[in-house]
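Computed from the coordinates by the stated procedures, all read-outs in this text should not be read as laboratory data. Quantities reported herein were computed from a predicted structural model and do not represent experimental measurements. Because the Cβ atoms are built from the backbone with ideal geometry, glycine has one as well, and the counts that use them run over all protein chains shown.
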Amino acid sequence: MNQINATEKNKSEEKKLTFSDAIFKSIAMGGSGLVAIIRTSDLKIFFVNDQFKYYLGYTNEDLTGNGIYFTDLFENYQLARLLYQFNTVRESIEARSRYVIYQLKNKNGKIASFYLYACPATNDNDINGEMYHLTMHPDLSKWDMPFTSFNTRELFLEQF
């Protein structure tokens, strides 16, 4: 009898875990910003959410079938900025709440500005190498001048 109760309890725990995983997956897929998980060594994209698909046109199926790299989304001059941002957020937790603006190309080649936040992603098995979690938000402002942070925008406004 105890074994039956233990089996039912285990099944109940598995259902809770499966339900919990489904909730977390739905949050990750549909969150308020564009999310991508990328590998540092070559900037290969491993995961994107629904917002990423909506704004940039790439799906998780595109990633597995075509091997999309984050460098495919921007011009080469922005690479040094991205690598510097990675180094900064690796060394400082505070830096993870700062964004940098990038000009990203969508699947159709249209370019738009995005605020990009980065932080190291935990990678217990280290099979894929060092990974980063990117969160991006489209710049919906009508400013003609690109800003790298809220501080620079505020300084500009004070001078203006």
### Query
Any idea how far apart Asp72 and Asp50 come out in nm if each label point goes 7 Å out from Cα toward Cβ?
2.3
### Message
For region 24-83, take N as its residue count and report Rg(C-alpha) divided by 2.2 N^0.38 Å.
### Response
1.13
### Task
Would you mind computing, in nm to one decimal, how far apart the modelled labels at Leu79 and Asn106 are, each placed 7 Å from Cα along Cα→Cβ?
2.6
### Query
So between Glu61 and Arg90, what do we pick up on full extension, going 0.36 nm a residue minus the alpha carbon distance?
7.5 nm
